[in-house]
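Inspection log for the structure reproduced underneath, given as structure tokens.
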Amino acid sequence: MCGIVGIYDSRRATTGMQAQLERARDLLQHRGPDDRGLWVDPQDACVLGHRRLSIIDLSSAGHQPMCNEDETIWLVYNGEVYNFPELCAELQALGHRFRSHTDTEVIVHGYEEYGVDIISRLRGMFAFALYDCRRQQLLLARDRVGIKPFYHTTSGGTLLFASEIKSLLAMPGVEKQLDLQALREYLAFGKVYTPKTMFRGIMKLPAAHYMLIKNSGETLMQRYWSPYQRRFPLAPASNENEYRETLFNLLQESVRLRMRSDVPVGVFLSGGVDSTANVALMSRVHGSKVHTFTAGFQGQEAYDERSHARAAAQYFKTEHHEIEITPRHLLEVLPELAFYLDEPVADATTIPIYFVSQLARRNGAIVILNGDGSDELFCGYNKYMQYLRLQPYWRGFNSLPRFIKTAVAQTSQRMGVNGVAGDMLVRASHEIELYIGATGALKGTPAFQEILNGKAEVYRAVAEGRQQFEAERHSTDYCEWLSYWGLRSEVEHVFLYRADRMGMANSIEIRVPFLDHHLVEFALQMPQQLKYKNGEKKYILKQALAGTVPEEFLHRKKQGFCVPIREWAGSMMHEKIFTVLPRLQSDWGVLSSGFMNEMRTRLHETEEQGFLSWNLYTLATWYERWFK
């Protein structure tokens, strides 16, 4: 895991930018405390910078930027390619000579051999920039599900790119401007969808895409993977036993690959099925005790999973570590998080992830496995179960003419039909506007209508995601769509974002076994009835893990990693919200006094208070940090 920065200009106009790029690079020191490097193209078309966190081959041979033998290909890279030993052997058999034992060098020689097709051969998480001196072209690429971040912008015709937004803001000519449509997306959904960010003109490189910028100035943006593409087909499974066996083998292989490291590997443990599965599978192949890490909250038993984590740690005989988060810890760290996050994140779980990452680093674990993605792939939330129960009725309703469905959906909203039933009614109408109005955090309120000023753009990401799913999957199954969109939406833009930023804030690498792309392909194409069966969520996953994970952890009621944010920091957060956010009205003409008055009222409604408080507070701290 590392941090990368770079500049490219086909007009060969990067002269004099070295010092600024070095400053931008060193803002990423937390991502790479072990080494730093810079390469300047002799032709002045490209400059590449790198900060290194040493994981594979700890020697100086892993220094970046890295080049091939004749120095015509240069690479900066963030991430891990887990199948690098196999790729290395393949390339050596083709005549390539390696000077290191790093996964980085596999990308360099792989590009020499296969060109851009090397990207599809990589199994792992990555964001990289590769400059081809002969062709004078730049290749940017990001992994399939968006585990590693990648941002880019242009300034005066020059392309700038980096692992984090803060580095781009430190580069020449980049203006700090609020993207008002992105702000609306954040308030509506709690996230900003790719390719936008909260900063106007700064874009995310989409997951599963590469961008090729040629010397002529032509730019090609290409998607190289779909979970339904089956470019690496798995053996077909025709019954439950085959699905169970294939799933177990894929998960075991994924964990095994993610234990490839030259530094200690640990696991975040809550005692739930996902994290316990990671511990169980690690224990099968680990030569010594697995190190496990968990966090709890002082005096807040309702939010605390430490007892479950201890039980799992005791069963698997791990070296277990805990941290108890106190109100003082919480209040001290909240302002600091805005620096590491770069954008507001509507998920207070960011806080315990920060502290448990700190705990891991303090105890020498540089690589950590977590359980993100499992709930989306295997229907682990109550909403999936409820949708499946209602699906037969929904299909009948969906066969009605659209004008009838739309009328019923609108009426249901006015009558207050909420929850899953209301959601499915509006979904069946095929009206994205109705769907968002029924499911947004501020649904059915005047404030929500204010957010939707410029509504067509706000709806874009959801509408395009639905269209892409139906075109690729050739399915209108709603639960399949929920799994697909859960990965594209919540997992990519919240879970992976918070894991990367909070892990990197403490200079640790977080790996995600459930998001191995072979496992994702298999799970998304699995029959839904195997995911929810006999009233049990994650049915097939639990069946696959039976005998490996004890029953008490397989069937433990889902608690979730919640935070006592309202109990500990409610008044402080509200003060910040109503001090800072009104400046958005004076600075940018958004969030009217009426909107703020409505927020003041809603923050006193117990049901909404914690979630809404955090959403608005993290927006306020972000705005104060970046737009003082």
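The values are calculated or read from the model by the stated rules, or taken from the named source; none is laboratory data. Quantities reported herein were computed from a predicted structural model and do not represent experimental measurements. Backbone-built Cβ (ideal geometry, glycine too); neighbour counts: all protein chains shown.
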Taking region 282-340 and keeping residues in a strand (DSSP E or B) and within 24 Å of R501 (Cβ to Cβ) leaves H291, T292, F293, T294, A295, G296, F297, H321, E322, I323, E324, I325
Of the numbered conditions (1) in a helix (DSSP H, G or I); (2) at pLDDT 60 or above; (3) surrounded by fewer than 18 Cβ atoms within 10 Å (Cβ to Cβ), S475 fails exactly one; give the number of that condition.
(1)
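Conditions tested, residue by residue: (1) outside any strand (DSSP E or B); (2) more than 21 Å from H517 (Cβ to Cβ); (3) assigned by TED's automatic domain parsing to the domain that holds Q92; (4) aliphatic (A, V, I, L, M).
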| residue | (1), (2), (3), (4) |
| --- | --- |
| H109 | yes, yes, yes, no |
| V116 | yes, no, yes, yes |
| A127 | no, no, yes, yes |
| L140 | no, no, yes, yes |
| V145 | yes, no, yes, yes |
| T153 | no, yes, yes, no |
| M171 | yes, yes, yes, yes |
| E185 | yes, yes, yes, no |
Enumeration of residues in region 83-127 that are farther than 24 Å from L212 by Cα and aromatic (F, W, Y):
F98
Would you be able to tell me the number of residues in region 50-104 that are assigned to a helix (DSSP H, G or I) and over 25 Å from the mean Cα position of the chain (by Cα)?
12
Going by the conditions given, is A309 of a type outside the set (D, E) and within 20 Å of P352 (Cβ to Cβ)?
yes
Residue, surrounded by the most Cβ atoms within 10 Å (Cβ to Cβ), within region 542-564, restricted to residues that are farther than 19 Å from L247 by Cβ and modelled with pLDDT of 80 or more
V563
Given R36, R23, which one is part of a strand (DSSP E or B) and modelled with pLDDT of 95 or more?
R36
Quick test of your reading of the structure: I510 fulfils all but one of (1) part of a helix (DSSP H, G or I); (2) under 17 Å from the mean Cα position of the chain (by Cα). Name the failing condition by number.
(1)
Single residue of region 14-70 satisfying the filter (basic (K, R) and touching a residue at least 60 places away in the same chain (Cβ under 8 Å)) that is farthest from M502 (Cα to Cα):
R23
Pairs where the first residue, in region 339-358, is closer than 19 Å to E624 by Cβ and the second is surrounded by fewer than 22 Cβ atoms within 10 Å (Cβ to Cβ) and of a type in the set (D, E, K, R), C-beta under 7 Å, 6+ apart
F339/R625; D342/K166; A346/K191
Out of curiosity, is Q525 in contact (Cβ under 8 Å) with a residue 40 or more places away in the chain and not assigned by TED's automatic domain parsing to the domain that holds L27?
yes
Just to be sure before I move on: is L160 crowded, with 18+ Cβ neighbours inside 10 Å and over 19 Å from L28 (Cα atoms) in the structure I sent?
no
Region 72-124, residues that are among the small types (G, A, S) and free of Cβ contacts under 8 Å to residues at least 12 places away in the same chain:
A89, A93, G95, G115
Out of region 200-221, which residues are touching a residue at least 40 places away in the same chain (Cβ under 8 Å) and not in a loop (DSSP other than H, G, I, E, B)?
M203, K204, H209, Y210, M211, L212, I213
Filter result (out of contact with any helix residue (DSSP H, G or I) (no Cβ under 8 Å at 6 or more places or on another chain), assigned to a loop (DSSP other than H, G, I, E, B) and among the hydrophobic types (A, V, I, L, M, F, W, C)) within region 1-20
A13, M17
